[in-house]
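As structure tokens, the structure follows; a few thoughts come after it.
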Amino acid sequence: MPGLDTHLRNWRPEPLVERDALSPEPSRALAAVLETPVEFTPDDALPPLWHWVHFPHWPRHGELGVDGHPAHGRFLPPIPDRRRMFAGGRLSVTAPLRLGRVVERTSTLARVEVKQGRSGEMAFVTVRSEFRQDGEVRLVEEQDHVYRSGESTTKNPDAPRPTSLPASDAPWQQEFVGDPVRLFRFSALTANAHRIHYDAPYAWEAEAYPGLVVHGPLLVMLMTELARHRSGRQITSVAYRLRRPVFAGDPVLVCGGPDGALTVWTAPDQLMAEARVSFR
């Protein structure tokens, strides 16, 4: 079988320019899902990463693959039987976006790299986006996705699941359990139709997950929001990495402190995600 680099050798997608009016409604809906007591109005500053519920992409239903993802897209690599995972990313904030003003996002392919993992080849794809508002670049973001080819063969129905929270002495702590209703609402807000977040039989049979998968971006937002609320300071950058999937019903502990180091843990001591934020 040809390696993934064979499929990616001549892949050079063109930049993509999109615009969004940044209406307050999606952010108000996200605040309800996150249970954040805030009422957004035009000209309010958008918190870091909340642009993820803006710029929605809704392909026609017939343009989706069996996994719920679009079958084709500007930055979707031409890999057969593609499986996608959100691996991490970075956000730099020069100035916050303002609601009620048009934002232009220019996205480009930054990097493509094929690596050999324990379960086979993986293609790491990084997309870089610049967000311009009122004639200036306010955000620069890079997102890393990992793609595999073919079916997963790592099913383990007897793998232990956490039933309690781990212990921590971190000064900032927040408990969280991803229930199916919250996952469904977050999927709708982010226009994410990947079936692993709402279709439990598919998650098990097709992608070998023992339950519904909590969205990686949701875990990142929990860490960033913990830092934003507890510090009371303006965040200027976020760098994050997702290490292991968290499943619906699993209790997790989001931890952090004034040094800007944030983590997500499950019992007994499993590190699931981590982030580093900088403050102004």
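For the chain, rounded, prolate or oblate, judged on the Cα gyration tensor with a ≥ b ≥ c (square roots of eigenvalues), a/c < 1.5 rounded, else prolate if a/b > b/c?
oblate
Work out the charge dipole of the chain with +1 on the Cβ of Lys and Arg and -1 on the Cβ of Asp and Glu about the Cα centre, then indicate which of 231, 201, 127 is farthest towards its positive end.
It is 127.
Kindly state, to the nearest 0.05, the FRET efficiency for residue 41 paired with residue 72, given R0 = 35 Å and r defined as their beta-carbon distance. Please report the intermediate quantities before stating the final value.
Details: r = 38 Å, r/R0 = 1.09.
With R0 = 35 Å, the Cβ-Cβ based efficiency is 0.40.
Using +1 on the beta carbon of Lys and Arg, -1 on that of Asp and Glu, and nothing else charged, what's the dipole of the chain about the Cα centre, debye to 20?
480
Treating only the Cβ of Lys, Arg, Asp and Glu as charged (+1, +1, -1, -1), what charge dipole size does the stretch 19-58 show about its Cα centre? Round to the nearest 20 debye. Please list the in-between numbers first.
Numbers: 2 positive and 6 negative charges, 31 e Å.
Roughly 140 debye for the stretch 19-58.
Starting with the fewest neighbours, write out 35, 121 ranked by other beta-carbon atoms found within 10 Å of each beta-carbon.
Details: 35 7, 121 17.
Ordered by Cβ neighbours within 10 Å, fewest first: 35, 121.
Where a ≥ b ≥ c are the square roots of the eigenvalues of the C-alpha gyration tensor, would you call the stretch 129-229 rounded, which needs a/c under 1.5, or, failing that, prolate if a/b is larger than b/c, or oblate? Don't skip to the end; give the middle numbers.
Working: a/c = 2.12, a/b = 1.30, b/c = 1.64.
In terms of gyration-tensor shape, oblate.
Separation between the residue 85 and residue 167 pseudo-spin-labels, each 7 Å from Cα along Cα→Cβ, expressed in nm?
Taking the two extended label points, one gets 3.1 nm.
Can you give the extra length, in nm with one decimal, that the chain gains between residue 110 and residue 241 once fully stretched, where that is 0.36 nm per residue apart less the Cα-Cα distance?
Taking 0.36 nm per residue and subtracting the Cα distance, the gain is 45.4 nm.
Every number in this text was worked out from the coordinates using simple rules, so none of it is lab data. Treat the numbers as computed from the prediction; the structure is a model and nothing was measured. So basically every Cβ, Gly included, is an ideal-geometry build from the backbone, and we count neighbours across all protein chains shown.
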